[in-house]
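Participant: Here you go, one structure.
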Amino acid sequence: MASLHIPDEKAREDAIDQRLVASFQRGNSHALTELYRRHGRRVESVARNVVGPNDELEDIVQDVFIELHRSLHRFRGDARFTTWLHRVTVNVALQYLRKGKRKGWLRWLGLDQAPAAAAPRATSLDRQIEARETVRALYQALDAVAEKKRIAFTLYELEGMSLEDIAATVGTSVNTVKSRLHHARREIFEQLEKDGLLPSHILQVVK
């Protein structure tokens, strides 16, 4: 029965965002501060998954909200505010990568912390080294995925967005998102299988 309230909660949150946007468009600068409070962590999460953890992540988040300050007056509510915000975040993060400030790679379900998780105290030094080598190979596989496919993978696998929301965020069709996601998964798993990190039969379950 509780699940029946989820759409209502989503609609309520959307309505709050809409009111804050309208307030900002009427000249209330504090409304942007409230939007930052509501969505700053999600913006940071999306940006981190696009560019990888780094010392300049806070700058990227700030750039997203600077861009919001510049362009929020153009938002007309044709899409959910969060969809529009994700689009801005992805664009700012990609601009960061294209400027060559950092070679991008994705975290895949927290793999930046995997060495510690994969090598508990009881394991030997050899197992710890093996875990680190595995994570390094995973990073390399993620880094090789083309930009559009990587974004589809990031938003679906890491951010938990629906195919429909991803399509709205990047401005394409659901079928195109499905295709990009399928190819991203296949490329990642094929590289891992080539590196000897996955058995070949795993590829048969990549949909």
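Participant: Show the residue pairs meeting these rules: Cβ distance below 9 Å; 6+ apart or different chains; first residue within segment 168-186 and touching a residue at least 40 places away in the same chain (Cβ under 8 Å); second residue small (Gly, Ala, Ser) and open to solvent by less than 50 Å² (accessible area, probe 1.4 Å).
Facilitator: Every condition considered, the pairs that remain are 168/79; 169/79; 170/152.
Participant: Are there any pairs, at least 6 apart or on different chains, whose C-beta atoms fall under 9 Å, with the first in segment 139-150 and under 22 Å from residue 167 (Cα atoms) and the second among the polar types (S, T, N, Q) and open to solvent by less than 50 Å² (accessible area, probe 1.4 Å), and if so, which?
Facilitator: 148/172; 148/176
Yes or no, residue by residue, for (1) of a type outside the set (S, T, N, Q); (2) open to solvent by less than 80 Å² (accessible area, probe 1.4 Å); (3) without any contact (Cβ under 8 Å) to a residue 40 or more places away in the chain; (4) not in a helix (DSSP H, G or I):
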residue: 45; (1), (2), (3), (4): no, yes, no, no
residue: 58; (1), (2), (3), (4): yes, no, yes, no
residue: 73; (1), (2), (3), (4): yes, no, no, no
residue: 90; (1), (2), (3), (4): yes, yes, no, no
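Participant: Oh, and also: If I ask for residues that are crowded, with 18+ Cβ neighbours inside 10 Å and either modelled with pLDDT under 75 or of a type outside the set (D, E, K, R) (or both), which ones from segment 175-207 would you list? Don't jump to the end; show me each part of the working.
Facilitator: To start, the set of residues in segment 175-207 that are crowded, with 18+ Cβ neighbours inside 10 Å comprises 177, 180-181, 184-185, 187-189, 191-192.
Within segment 175-207, 177, 181, 184, 188, 189, 191, 192 meet the criteria.
Participant: Another question, if that's okay. Of all residues being assigned to a helix (DSSP H, G or I) and either hydroxyl-bearing (Ser, Thr, Tyr) or touching a Pro at 6+ places or on another chain (Cβ under 8 Å) (or both) in segment 27-43, which is surrounded by the fewest Cβ atoms within 10 Å (Cβ to Cβ)? Just the residue, please. Step through it out loud before you land on a result.
Facilitator: Filtering segment 27-43 down to residues assigned to a helix (DSSP H, G or I) leaves 30-43.
Now narrow it down to the ones that are either hydroxyl-bearing (Ser, Thr, Tyr) or touching a Pro at 6+ places or on another chain (Cβ under 8 Å) (or both): 33, 36.
Working: 33: 14, 36: 16.
The qualifying residue surrounded by the fewest Cβ atoms within 10 Å (Cβ to Cβ) is 33.
The values are calculated or read from the model by the stated rules, or taken from the named source; none is laboratory data. Keep in mind the model is a prediction, meaning the values are calculated, not measured. Every residue, glycine among them, receives a Cβ derived from its backbone with ideal geometry; neighbour counts consider all protein chains shown. Note: accessible area is taken over every heavy atom of the protein model, side chains too, but ligands, DNA and RNA are not part of it. Shrake-Rupley method; radii C 1.70, N 1.55, O 1.52, S 1.80 Å.
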